[in-house]
Amino acid sequence: MIREYLKQPYPLHTNKWRLIISISLFIGLFMLVFQPFGLSQVTGEFRYLFYMGFGVVTMIMMIVDIVVIQYFFKKQFDYKQWTVQKQLIWLSWIIFSVGLGNFIYTSVFSLHWSWEAFIYFQLVTLAVGLIPITALTIINQNRWLTENLKLAQEFNSSLKIENKAAADESVTLIADNEKDSFQLELSNLLYIESTGNYIEIYYHKEGVLKNTLLRSTLKRTELQLEKHSSVLKCHRAFLVNASQIAEVKGNSQGLRLALKHTDTEIPVSRNFSKSLKEKLNSLR
């Protein structure tokens, strides 16, 4: 049961700087107020700056972890594959690295270093940090799962819409160079995904899933399709044909759209969930 729970999806934190700044301020204030690891013995005119230095060191270590490491190891931090287990392991590493940075910071000023002190420092840091991060991870996963399952039910009640795209209604998407274009029946369009300087158009034809690339931005494509009310934006990288939505699913990471004719599920960004729901209701 525990093993299955650890495999549950978990949202990878996207607001990196808010997380970095809030934790850095917390550590700096914690050290200032509670003065652990014998810091109460530190005296002198600049001791308060010394205490707040722990917050600065924490910020540096978290920037390395959350910005630098995630940038160079993007595959390992694929939000689609992120789970409760990966979140707990990753947070444990962050705690360890922050503890390591602050230990080095303390050692530089005290001019004293030993393995015993290092182990003690890290054990205390992990003991203080592991319980709250485990509790918060479980609480957040359950809260987001409950909220998104409820929201998915509300969305599904809005899916009883007729396909307003006539069988012979075609759309033409024109590339950035104004020369290349792609034409298809609107009723066959599934979704459009932004991939760098291109859009990838997914559609079905004679029961077969097909796709084609066109050099264009998603914003430009959205403007070209704005008169077609069934084509909706659900994510900064996706446009979806509402008439092809089979079901809305929810987990702790958010909402996903299960489409007809494909096993691919399209993510719904929190920023677009409210407007998407309103547009789906307007199509009923």
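Which one of 107, 114 is farther than 20 Å from residue 60 by Cα, more than 22 Å from the chain's Cα centre (by Cα) and open to solvent by less than 30 Å² (accessible area, probe 1.4 Å)?
Details: 107 fails: farther than 20 Å from residue 60 by Cα.
Testing whether each residue is farther than 20 Å from residue 60 by Cα, more than 22 Å from the chain's Cα centre (by Cα) and open to solvent by less than 30 Å² (accessible area, probe 1.4 Å) leaves just 114.
I'd like to check something: does the range 24-42 contain any residue that is part of a loop (DSSP other than H, G, I, E, B), modelled with pLDDT of 85 or more and either out of contact with any Gly (no Cβ under 6 Å at 6 or more places or on another chain) or under 30 Å from residue 142 (Cα atoms) (or both)? Checked the range 24-42: no residue is part of a loop (DSSP other than H, G, I, E, B), modelled with pLDDT of 85 or more and either out of contact with any Gly (no Cβ under 6 Å at 6 or more places or on another chain) or under 30 Å from residue 142 (Cα atoms) (or both). Entry remark, the range 73-85: residues being open to solvent by less than 80 Å² (accessible area, probe 1.4 Å) and outside any loop (DSSP other than H, G, I, E, B) number 3 in total. Please work out which residue is modelled with the lowest pLDDT, limiting yourself to the range 117-155 and to residues that are aromatic (Phe, Trp, Tyr), open to solvent by 30 Å² or more (accessible area, probe 1.4 Å) and under 23 Å from residue 56 (Cβ atoms). The residue in question is 120.
Taken over the range 1-23, the criterion of being in contact (Cβ under 8 Å) with a residue 12 or more places away in the chain, in a helix (DSSP H, G or I) and aromatic (Phe, Trp, Tyr) is satisfied by 5 alone. Being buried (at least 21 other Cβ atoms within 10 Å of the Cβ), in contact with a His (Cβ under 7 Å, 6 or more places away or on another chain), of a type outside the set (Gly, Ala, Ser) and in a strand (DSSP E or B) is a property that residue 232 lacks. Scanning the range 46-59 for residues that are among the hydrophobic types (A, V, I, L, M, F, W, C) and either loosely packed, with under 14 Cβ neighbours inside 10 Å or more than 26 Å from the chain's Cα centre (by Cα) (or both) yields 46, 49, 50, 52, 54.
Filter the range 245-284 for residues that are charged (D, E, K, R) and assigned to a loop (DSSP other than H, G, I, E, B); which is nearest to residue 8 (Cα to Cα)? Even if it seems obvious, please write down each step before you answer.
The initial filter retains those residues of the range 245-284 that are charged (D, E, K, R), namely 247, 249, 256, 260, 263, 265, 270, 274, 277-279, 284.
Keeping just the survivors that are assigned to a loop (DSSP other than H, G, I, E, B) gives 260, 263, 284.
On the way: 260: 25, 263: 20, 284: 34 Å.
So, considering only residues that are charged (D, E, K, R) and assigned to a loop (DSSP other than H, G, I, E, B), the one nearest to residue 8 (Cα to Cα) is 263.
On the given criteria, is residue 12 at pLDDT below 85, in contact with an Asp or Glu (Cβ under 9 Å, 6 or more places away or on another chain) and open to solvent by less than 60 Å² (accessible area, probe 1.4 Å)? So residue 12 passes the test. Taken over the range 221-261, the criterion of being over 26 Å from residue 147 (Cβ atoms) and of a type in the set (Lys, Arg) is satisfied by 227, 260. If the condition is being crowded, with 21+ Cβ neighbours inside 10 Å and at positive phi, then the range 248-276 contributes only 254.
The values are calculated or read from the model by the stated rules, or taken from the named source; none is laboratory data. The structure displayed is predicted, hence computed values, not measured ones. All Cβ positions, glycine included, derive from the backbone under ideal geometry; neighbour counts span all protein chains shown. Side chains are part of the model used for accessible areas, which takes the heavy atoms of the whole protein and leaves out ligands, DNA and RNA. Shrake-Rupley method; radii C 1.70, N 1.55, O 1.52, S 1.80 Å.
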